[in-house]
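Right, one structure below, let's go through it.
The values are calculated or read from the model by the stated rules, or taken from the named source; none is laboratory data. Keep in mind that what you see is a predicted model, and the values were worked out from it rather than measured. When we count neighbours, we look across all protein chains shown, and the Cβ atoms used for this are built from the backbone with ideal geometry, even at glycine. Calculation scope for accessible area: heavy atoms of the full protein, side chains included, ligands and nucleic acids excluded. Shrake-Rupley method; radii C 1.70, N 1.55, O 1.52, S 1.80 Å.
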Amino acid sequence: KVGLFSGICMIVGTIIGSGIFVSPKSVLANVEAVGPCLTIWAACGVLATLGALCFAELGTMITKSGGEYPYLMEAFGPIPAFLFSWTSLLVTKPSSFAIICLSFAEYASAPFYPGCDPPQAVIKCLAAAAIVVITIVNSLSVKLGSYLQNFLTAAKMIIVTVIIVSGIVLLAQGKTENFKDSFKDSKISLSSISLAFYNGLWAYDGWNQLNYITEELKNPYRNLPLSIIIGIPLVTVCYVLINISYFTVMTSTELLQSQAVAVTFGDRVLYPASWIVPLFVVFSTIGSANGTCFTAGRLVYVAGREGHMLKVLSYISVKRLTPAPAIIFYGAIAIIYIIPGDIETLINYFSFAVWIFYGLTVFALIVMRFTRKELDRPIKIPIIIPVIVTLVSIVLVLAPIISAPELAYLYCILFILSGLIVYALFVHFKFSWAQKISKPMTMHLQMLLEVVPAEEV
């Protein structure tokens, strides 16, 4: 039921969330000058496009939903695939969902607390409510979730257009003083560039989301690569132009001091209509959260289908024909992350874990060029592209450990490896006591949610 236009909206709508409106100062803080900052934003878009092209070959070669999961399964077998699903289901996907909804809650509650920060309890309750609503919408209907995504993508493109057009007008009026000597006093090192990339790539995250719903795409051989080729360069152009717009009204120092860059821009340029910025940023974050939920629920579903999660998670709603148990499970885990988490900690935890598996998945493409030559490849990209993406992934994973080592990275690695214990108990050896725990839970959930295995639908 997902066509080319919906596919482009899914990519654009999921990528453009809270990142570009909140995090430009994180990129600037690492390189400390306008020129390198804009270069990093463009380079992040190029890397996201190259990564997505690798995923386009994988997605048309192995036309299964679930993103990285089926590709790792084909290339390396069940253990790496299980570790990916284990980490994604319990860390990267729900933490990403939680980050976006917390950003939404901050913007949505800000107008009710002028002059001060909203209470954390209000922000977290509002974020939890957003997760519940989005989970219900995507459990009810594929079409409803897709239509909501299309509407919210259109809404966020309005604010993107407003910011870009305002910036172009200001440039035409001669507001170019902040671009003079734009590389002067910049801080350029492997460490600073890597950390700047980390923050920039967070704003681009979602470039691989269409691979999670390959089975629901109309004509995936055509629409998957076309959506990528159109969607990600469009986002890259928007991101660079938005950053240029910010610098037309703010110096580097002012941008770094801003709590929410887009709101500061709106206050200076759009007054008295500045209220439209937080309103449309709310639409933007909800759209990104909806796209994340729509696609990530399919990963839970595919892992359940392969026997790597509770079997009930692979079941389909009898009435709605949606993977409702998987989506509800995903939403519940995301709510847990909201309770103790703050946005910055969650982003660091998320980014480190996710680039381990992005790199491993792109490396799987290189491996299958030699081990699975018989597979049909409707799209075949030059081998140099996955090589570049793999090498960049290695740098992105190692750079924060070397430059700013923290215990959080060790905990993340230990959590990933702890999946081996779960795999041994529940999947490989299938100990009887483990099955006794999971079977009654599956039966109760099946009756409660009115779901059946997909092959029975």
Open item on the list: Any residue at all in the range 111-131 that's over 22 Å from GLY206 (Cβ atoms), touching a Ser or Thr at 6+ places or on another chain (Cβ under 9 Å) and not in a helix (DSSP H, G or I)?
Closed with: yes
Restricted to the range 232-269 and to residues being at pLDDT below 90 and small (Gly, Ala, Ser), the residue nearest to ASN30 (Cα to Cα) is SER252
Of (1) assigned to a helix (DSSP H, G or I); (2) out of contact with any Lys or Arg (no Cβ under 7 Å at 6 or more places or on another chain), ALA273 fails just (1)
By residue number, the members of the range 210-251 that are within 30 Å of ALA33 (Cβ to Cβ) and among the polar types (S, T, N, Q) are THR236, ASN243, SER245, THR248, THR251
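Each row is one residue, and each column tells you yes or no for (1) assigned to a helix (DSSP H, G or I); (2) farther than 23 Å from LEU396 by Cβ; (3) of a type in the set (S, T, N, Q).
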residue	(1), (2), (3)
ASN178	yes, yes, yes
ASP185	no, yes, no
TRP202	yes, no, no
GLU215	yes, yes, no
PRO225	yes, yes, no
ILE232	yes, no, no
VAL235	yes, no, no
LEU241	yes, yes, no
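Per-residue answers, yes or no, for (1) of a type outside the set (D, E, K, R); (2) assigned to a helix (DSSP H, G or I); (3) open to solvent by less than 10 Å² (accessible area, probe 1.4 Å):
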residue: GLY45; (1), (2), (3): yes, yes, yes
residue: LEU53; (1), (2), (3): yes, yes, no
residue: THR60; (1), (2), (3): yes, yes, yes
residue: PHE97; (1), (2), (3): yes, yes, yes
residue: GLU106; (1), (2), (3): no, yes, no
When restricted to SER284, SER245, SER288, the only residue surrounded by 20 or more Cβ atoms within 10 Å (Cβ to Cβ), over 28 Å from ILE327 (Cβ atoms) and of a type in the set (S, T, N, Q) is SER245
Contact list, first residue from the range 16-29 and over 15 Å from CYS238 (Cβ atoms) and among the charged types (D, E, K, R), second anywhere and open to solvent by 10 Å² or more (accessible area, probe 1.4 Å) and modelled with pLDDT of 80 or more, beta-carbon distance below 7 Å, six or more apart or interchain, is LYS25/LEU256
How many residues of the range 143-162 are surrounded by fewer than 18 Cβ atoms within 10 Å (Cβ to Cβ) and out of contact with any Phe, Trp or Tyr (no Cβ under 7 Å at 6 or more places or on another chain)? The answer is 7
Q) If we scan the range 81-97, do we find a residue that is of a type in the set (A, V, I, L, M) and modelled with pLDDT of 85 or more? A) yes
Note: among ILE79, ILE40, just one is open to solvent by less than 30 Å² (accessible area, probe 1.4 Å) and either over 19 Å from SER258 (Cα atoms) or touching a helix residue (DSSP H, G or I) at 6+ places or on another chain (Cβ under 9 Å) (or both), namely ILE40
Scanning the range 361-413 for residues that are of a type outside the set (Val, Ile, Thr), more than 20 Å from PHE197 (Cα to Cα), in contact (Cβ under 8 Å) with a residue 24 or more places away in the chain and surrounded by fewer than 19 Cβ atoms within 10 Å (Cβ to Cβ) gives ARG372, LEU375, ASP376, ARG377, PRO378, LYS380
_Yes/no for SER166 being crowded, with 18+ Cβ neighbours inside 10 Å and either in contact with a Lys or Arg (Cβ under 7 Å, 6 or more places away or on another chain) or closer than 29 Å to LEU396 by Cα (or both)_ = no
Among SER227, SER182, the single one that is of a type outside the set (Val, Ile, Thr), on the phi < 0 side of the Ramachandran plot and more than 20 Å from the chain's Cα centre (by Cα) is SER182
